[in-house]
Amino acid sequence: MENQRLKELQKVEFEVLTVVDKFCRENDINYSVYAGTALGAVRHGGFIPWDDDIDICMDRNVYKRFVKLWRENPVKGYTLATDEDPGCHINHGKVYKDGVVWSPDGKMQVSGSQGVFVDIFPLDKVPTDKKKRKKLLRKAKLRLVYTRDIPYRNGSKFLNLVSRILLMKPKKYKLKLKQRYHEYIQQYRDMEDNFVYMGLERPGVLGFSYPKDLFETSEIKFEQINVLITNKSDEFLTTMYGDYMQLPPEEERVCKHNPEITYLNEAQEENTVKQD
């Protein structure tokens, strides 16, 4: 993809991040940059040069408070979508910039449904007890099936087959089960000991666990601002990436998508061009 298009996307994403960071600080909401954003902050002082998204994470209870406060006092020009919205096919939240649309793989469909956003992931407390954890992770996988409405692919052929059968159930029944599993995985959110944090929102991270003091945070530079990052960033990033300071082979340093970006507000577009 053209480097300029990625830079344009990163510029808008960074703007959304500054808004979310400001809102969190004003409302005493603790978070940490997450996944590739945490890696970018530590290794590059900002975006990984070929990365095309921004992720932050919060404790589940903090996430619930964030959603409640945003709903009560939304930031003008930005929209929050969450896993609790009707018809939502994600298990986390997104803060979108209004009036901007991006589309992966160059397939531009200016419908307003795919804005430029920052992902906000709630991390859940999972018991260290092996039996309880195994049961919870099984429910988490079922929730993924019903939320994403697609067969579970990150597992055995048997699990994939079972998930296909489960998806044949009536829509009303599937929504009921989705809510049941959603509530089940949150049952330990007030646990004070004998737990680890896990991201249960997508298949690729279900095997990762993080220490219970994950959300003891400090500041780190990300582009032109300071953001919050876990004090356990070395353990955190090693769990996700292994030798995270080692750059990947050059052929792997590519953007995951091929985004096109369109400004729906022409005045906003003209203003951006002038600033550039």
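The values are calculated or read from the model by the stated rules, or taken from the named source; none is laboratory data. Keep in mind that what you see is a predicted model, and the values were worked out from it rather than measured. Positions of Cβ are generated from backbone atoms using ideal geometry, with glycine treated the same way; all protein chains shown enter the neighbour counts. Surface areas here come from the heavy atoms of the whole protein model, side chains and all, with no ligands, DNA or RNA. Shrake-Rupley method; radii C 1.70, N 1.55, O 1.52, S 1.80 Å.
Within segment 31-45, is even one residue over 24 Å from ASP190 (Cα atoms), surrounded by fewer than 19 Cβ atoms within 10 Å (Cβ to Cβ) and small (Gly, Ala, Ser)? Scanning segment 31-45, I find at least one residue that is over 24 Å from ASP190 (Cα atoms), surrounded by fewer than 19 Cβ atoms within 10 Å (Cβ to Cβ) and small (Gly, Ala, Ser), so the answer is yes. Selection of segment 130-174 for residues being of a type outside the set (A, V, I, L, M), open to solvent by less than 30 Å² (accessible area, probe 1.4 Å) and touching a Phe, Trp or Tyr at 6+ places or on another chain (Cβ under 6 Å) yields ARG143, SER163. Applying a threshold of 9 Å to beta carbon distances and a minimum spacing of six or more residues, or different chains, the list of pairs starting in segment 5-29 at a residue that is over 19 Å from LYS221 (Cα atoms) and ending at one that is among the hydroxyl-bearing types (Ser, Thr, Tyr) reads GLU8/THR272. Hey, among THR272, THR238, which residue is hydroxyl-bearing (Ser, Thr, Tyr), in a helix (DSSP H, G or I) and at pLDDT below 95? Matching residue, one of THR272, THR238: THR272. When LEU200, LEU177, LEU214 are checked against the criterion of being open to solvent by less than 20 Å² (accessible area, probe 1.4 Å), under 26 Å from PRO86 (Cβ atoms) and at pLDDT 90 or above, a single residue qualifies: LEU200.
Hey, does segment 61-77 have a residue that's assigned to a loop (DSSP other than H, G, I, E, B), open to solvent by less than 10 Å² (accessible area, probe 1.4 Å), modelled with pLDDT of 95 or more and not aliphatic (A, V, I, L, M)? No, the conditions are met nowhere in segment 61-77. Among residues of segment 243-263 that are touching a residue at least 60 places away in the same chain (Cβ under 8 Å) and among the hydrophobic types (A, V, I, L, M, F, W, C), those with a Cβ under 6 angstrom from a residue that is in a loop (DSSP other than H, G, I, E, B) and surrounded by 13 or more Cβ atoms within 10 Å (Cβ to Cβ), sequence gap 6+ or separate chain, pair up as VAL254/TRP50; CYS255/MET1; CYS255/TRP50; CYS255/ASP52.
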